[in-house]
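Report on the following structure.
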């Protein structure tokens, strides 16, 4: 079973109003690309990015937050959850990421699902750049032809969270990612 899709279907069923989510992490890989390793479907969570524009109207999203709570309660017995929801400023992304994201056709009624462009997904994986993240980056580089110049430009433009450890890990990951080309 595709765990990310199951989580999103449950969220969709718990919504009473239209909503949207931008995925990152393994759920974005599992739902955003064809020809992927089956283990991507085994991830037990869905990670989402909340845009600053969306966050400016917190009162407008009560239905979304209630649906997230109901989804997590419903899926808790199976250790599936939707709890990693980050502001866009808490994730490594290019400033124009929102305009380049892609809508995923996952067949939901109320929930529109997006993923960042491949190059932005690579940036999100550079916050830790552990072995799993580097394998995911390798997979992403196989999905889309990116040049060294494109990656270096993205590194320069990337908006990093104001966390010293993340900045340090990102800078350590840069040569590793370039080495995967």
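No lab work stands behind these numbers, since they all come straight from the coordinates. Since the structure is predicted, the reported quantities are computational estimates derived from the model, not experimental observations. Backbone-built Cβ (ideal geometry, glycine too); neighbour counts: all protein chains shown.
Tell me the label only: which of (1) 22, 20, 16; (2) 28, 18, 14; (3) 61, 16, 12 is semi-axes √(5λ) of the Cα gyration tensor in Å as calculated from this structure?
Working out semi-axes √(5λ) of the Cα gyration tensor in Å from the coordinates points to (2).
What percent antiparallel are the DSSP beta bridges of the chain, to the nearest 5?
Once the DSSP bridges in the chain are tallied, antiparallel ones form about 45 percent.
Taking the Cα-to-Cβ direction at residue 20 and at residue 62 and moving 7 Å from each Cα, how far apart do the two end points lie in nm?
Simple spin-label model gives 2.3 nm for this pair.
Go ahead and run the numbers for FRET between residue 34 and residue 69, Cβ-Cβ distance against an R0 of 35 Å, rounding to 0.05.
Numbers: r = 33 Å, r/R0 = 0.93.
Plugging the Cβ-Cβ distance into 1/(1 + (r/R0)^6) gives 0.60.
Using the 2.2 N^0.38 Å rule of thumb for compact globular proteins, work out how the stretch 77-130 stacks up: its C-alpha Rg over that value, please.
Details: Rg = 13.2 Å, N = 54, 2.2 N^0.38 = 10.0 Å.
Scaled against compact globular proteins, the figure is 1.32.
Go ahead and set up a Gaussian network model of the chain, Cα springs under 10 Å, then flag whichever of 44, 56, 138 fluctuates most.
Greatest mean-square fluctuation among the candidates belongs to 56.
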